[in-house]
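To keep things clear, I will list the structure first and then write my remarks on it.
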Amino acid sequence: MGPMTAFQQQIQTSSAALVSDEPALPVPIDRVRQLLKGLDRRQRQAVTHKEGPLLVLAGPGTGKTEVITRRVAWLVASKRARPSQILALTFTERAAAEMQQRVDLLVPYGQTDTAIHTFHAFGDWLLRTYGHEVGRPDDPRVIGRAQAVVLLRDNIFELGLERYLPLGDPTRFVGALVDLFGRAKEEGLSPADLAGYARMLDAGARAALAPTSQEDDGASEVIAGLLDEAAANAELARAYEAYQRLLVEHSLVDHGDQVVEAVRLLEERALVRMSLRRRFRYVVVDEAQDANPQQLRLVRDVVGHGGNVTFVGDDDQAIYSFRGAAAQGLAELEADYGPVKDVVLRRNYRSRRPVLDAARRLIRHNDPDRLETRRGLDKTLTAVRRSRRPAPVRHQVYGTASDEADGIAADIRGRLQGKTPADAIAVLVRTNADAGPILASLAALGIPHRFSGTSGLLSHPEVREVLSLLRCIAAPQSSEDLYGVLTAAPYGLGGEDLTAICELATRRRRSLWAVATELVEQPGLLRIETASRRALERAVADIRASLDLAHAEPAPRVLYEHLGRSGWLQGLIARAETGDDGPLRRIARLFELVQEQAELVADPRISSVAPTLRALLDAGEDPVAPDADDLQGRVAVLTVHQAKGLEFPVVYVAGAAEGRFPVRVRRDTLSLPVALVGHASADDPDEQRAEERRLFYVAMTRARDELLMSHAVRSRPGGRARRPSPFLGEALGREADAAPLETDSGLVPLSPADAPIVRERSDQRIGPLVVSFSQVDDYLSCPLKYRLRHQVRVPTPPHHALVFGNAIHQAVAAGNTRRLRGEPMPLELLHETLDAHWQSEGFLSQEHETDRLRAGRTALDRFAARVTGDGDRIVAVEQPFSVRIGEDRIRGRYDVVRETPEGVVITDYKSGDVRDPARARQRARDSLQLQLYALAWQAEHGQAPAAVELHFLEGDVVGRVTPTARKLEGAQRKLAQATAGIRAGDFEATPGYPACDWCPFRRVCPAAT
Ligand code: SF4
């Protein structure tokens, strides 16, 4: 065996540290007892399971999250593992954050470094930490589905496509290709697997072809079909391979690769695998029924046969098989882990008995393919919340879809006029489209509501207006887009004047832009109102200014300037301040997309960014499930997928008609060969029906007290009659009513005058907060600044200092990562990383940008000279932390942590131009950031670092301070002051000097001084 590499040494050292045989401390019995208090027998069994694999089947409302968090706390309290030796995996950021908060409340102060991640974040962490071992870049950029679609669209002719490249509409299959590649990754299939399958089919068909007689038409047909299938799969394999090549060339990684590549890493590098197994002695997987085959494989690689893994889930709530998840994996755990102990949680703490009985009647129709049957268990839920006369589950039939929506809205109005708060009510629909009539009826009655299942940003007028603006700046001759801009809020042209301007353009056969500019120069051409003329003049002036900027400046800067100059942004902020913050949030999201896209394409100017935005938005984003804050004081209208994990006292399940729920699932445009997938495909009609039934089950079990299901006989008057959903009959245990009651037809007189009484929306937040240093700092400098930047996320202008700071920061991080691995840090690496992260944004001129780039290189040269051979041992680079301090958590990232002869030193790099050592020291002494970081380190490690320092890269000076108890107490007080204000919803502006002078919102802030 050759000498150990630095990497191997590092792993050995850290692993040894992690498993060091510390003398076992006595188990605090009282604490353990406290943790088990209030749990039922089966929950206790799950929480206190000692060694080996465990499957906890946790039906709806059985306290799944409670079991997971108490298990983590119990493992710590009973000294089975330190928090850092526990890995908890889940699917959404929100679930991870909720789990973290609940673990914090249970685990002693200062012991909260349990690794709680989503699968994607865990894969990402593995690749960033160990990816170099298998030749992967250290910091790839992660892209979502929409960006993958744009990437393929832009390179469509390089994918080797023929049959999937219809020349009349070359991009028709792009979305389907991205989905196919995503599914292939979830199944662990590479381009080579797909190509191999195609070759096998082809060879088999050709072998069969030889002896087949010409007369045997049937056989010839089959063989022709096989050859065709082989050719199609060969083409898909080529495109898949090309897509992977594009990702590598652009240093990108998609969500599928975050898991697939992490699996490859673990399977190719036994040393990494061993290190992880020694580190994570206990692994907990939440919502295990939704894990796809690759995610299950990742868990197996981390845990190993017979390891301490706890899967918590419920196959009856598996509703993501269209993404590749398959509860089947849970049925076959023994194959990977050996004997698995089952614990079934059966006490339901959420719903009344009638709801549970109906839900069970329904789900039993999925037998015998349920785990309950396959593993010979009993999952019958018993209701803990008993009442003498619980409301029965109701089914209502309406004449038409709009009758149904009106009926539901009227019923809700009645409840709101009673004592039911709006946020106690949810209307669940199967698809986004089903929500339309419900939203219209709620709006007609003035009932506050929130629809979470987005049908995309594009459905909102303000987003379409800003898109028109971008296209108009890219090509002002586009009359349609200019029309969209002129009618948008800042200009507000309309009525007869706008019609007259358009007619003039038509008569003269000129574009709207040509006529608009002419009218500004020759007002006598057309008689219009003075206000309209002024609006037109402003619009033309604003667009001209943007056209000038757009030649040289990147899209985000041009857009930001236009929104600020025209008063567009100020108008949106004013609306937000009156409580209507939706439009501002959506424009902020669109702005982020423009920024992301500008970073992705070779030319960041509007002319190349604008055309791709529509495709990006068409490709759609994953709608984010709402949180309790979003729903406060409003009726929730949700798709069933979005409602998972939520509960409401009153739940309406609307649109329960055959063909709508179960929805007729369209076969995927492109699908993987069943022979390669090896399990029931999502295209299988029986599997589709079972999945729809599970969705219905999830919808029903969101209800705590009342469940009201409904359907309409016809979608519109005179339309085709529809039967009730078969799930209604299955749930009710009898034939569902098929005809509307007399009184149901058009029975609801809608009148805004009957507006319901609704509780005031409160901005107050409960529970622990997770804040970063910049959030604390912004809040303390001006609460409104905090709200605009962190809650509403108002876009801020691109600034050269940010470009400079980010690029130099990345370069230093790349260098320090090499040092961490014990490798040399070549200057070329620093310069190349600087260039890779440099963006030509926000600079005053070309000369300015050139100067700054040169200054960045010089700063890196000095950095290299300073740290080379300093003898310090680097312990961590860019290490994220999230630590409980008092009631809340502070999160952040240590730029670098070193072990020096004086002890641990935490350094934060600054790109600001401080050159005087005394001033650097003063800045370090005054830095709330350093104090908070020292506080976080102390909470995590039991003692404060020996020193914290600011390293000013451009001036090459370091200001270092020793954290004192008094300073740390002061920092903690400031943190508590900020979180108390945020929690209380106190966002009143505190304008003044210097806050407003340095505030990025001063141009658009109504309170700025
Ligand atoms: S401009 Fe001044 S008042 Fe307005 S958010 Fe910024 S700091 Fe607060």
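The values are calculated or read from the model by the stated rules, or taken from the named source; none is laboratory data. Predicted model only: the values in this text are computed from it and were never measured. All Cβ positions, even for glycine, are placed from backbone atoms using ideal geometry, and neighbour counts span all protein chains on display. Quick note on the areas: whole protein, heavy atoms, side chains included, nothing else; ligands and nucleic acids left out. Shrake-Rupley method; radii C 1.70, N 1.55, O 1.52, S 1.80 Å.
Figures for the structure shown
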{"read-out": "Pairwise label distance in nanometres, residue 269 with residue 509, each label 7 Å out on the Cα-Cβ vector", "value": "6.8"}
{"read-out": "Cα-based convex hull, the stretch 855-946, per residue volume (Å³, whole number)", "value": "115"}
{"read-out": "Of all DSSP beta bridges in the chain, antiparallel share, percent nearest 5", "value": "30"}
{"read-out": "Debye equation applied to the C-alpha atoms of the stretch 364-481, log10 I(q)/I(0) at 0.11 Å⁻¹", "value": "-0.68"}
{"read-out": "Estimated FRET transfer efficiency (residue 374, residue 167; beta-carbon r; R0 45 Å; 0.05)", "value": "0.35"}
{"read-out": "Relative contact order, percent, the stretch 232-369 [alpha-carbon distance under 8 Å, six or more residues apart]", "value": "20"}
{"read-out": "Length gained when the stretch residue 190-residue 142 is fully extended (0.36 nm per residue, less Cα-Cα span)", "value": "15.4 nm"}
{"read-out": "Rounded to whole Å, sorted largest first: equivalent-ellipsoid semi-axes of the stretch 896-1009, Cα gyration tensor", "value": "29, 21, 10"}
{"read-out": "Under the Karplus curve 6.51 cos²θ - 1.76 cosθ + 1.60, θ = phi - 60°, whole-Hz ³J(HN,Hα) for the stretch 588-599, x wherever Gly or Pro sits", "value": "4, 5, 4, 4, 4, 5, 4, 5, 4, 5, 4, 6"}
{"read-out": "Heavy-atom accessible area per residue - the chain, 1.4 Å, Å²", "value": "44"}
{"read-out": "Rounded FRET efficiency, nearest 0.05, which uses the C-beta distance separating residue 858 from residue 489 and R0 of 51 Å", "value": "0.60"}
{"read-out": "Relative contact order computed over the stretch 821-898 (Cα-Cα under 8 Å; 6+ residues apart), in percent", "value": "23"}
{"read-out": "Total lysine pairs under 19 Å (Cα atoms) in the chain, excluding pairs fewer than 8 apart on one chain", "value": "11"}
{"read-out": "Difference of contour (0.36 nm per residue) and Cα-Cα distance, residue 669 to residue 36", "value": "222.8 nm"}
{"read-out": "Difference of contour (0.36 nm per residue) and Cα-Cα distance, residue 443 to residue 891", "value": "157.3 nm"}
{"read-out": "Per-residue HN-Hα couplings for the stretch 817-826 [Karplus 6.51, -1.76, 1.60; θ = phi - 60°; Hz; x = Gly/Pro]", "value": "4, 4, 5, 4, 7, x, 9, x, 10, x"}
{"read-out": "Mean shadow area of the stretch 479-580, taken as a quarter of the surface of its Cα convex hull (nm²)", "value": "7.3"}
{"read-out": "At most 13 other Cβ within 10 Å, DSSP loop - GluC sites (Glu not before Pro), the stretch 895-958", "value": "902"}
{"read-out": "Pairwise label distance in nanometres, residue 51 with residue 976, each label 7 Å out on the Cα-Cβ vector", "value": "4.5"}
{"read-out": "Label point distance in nm, residue 203-residue 658, each placed 7 Å from Cα along Cα→Cβ", "value": "4.8"}
{"read-out": "Placed amide H near residue 723: partners under 5 Å, 5+ positions off or other chain", "value": "658"}
{"read-out": "Cα-derived Rg over Rh, computed across the stretch 118-169 with Rh taken as Kirkwood radius", "value": "1.17"}
{"read-out": "For the chain, the fraction of alpha-carbon pairs in successive 20 Å shells from zero, as %", "value": "11, 38, 39, 11, 0"}
{"read-out": "Relative contact order, percent, the chain [alpha-carbon distance under 8 Å, six or more residues apart]", "value": "13"}
{"read-out": "Principal axis dimensions, largest first and in whole angstrom, of the stretch 799-880 by Cα", "value": "41, 27, 16"}
{"read-out": "Accessible area of the chain belonging to carbon and sulfur atoms, whole % at 1.4 Å probe", "value": "50"}
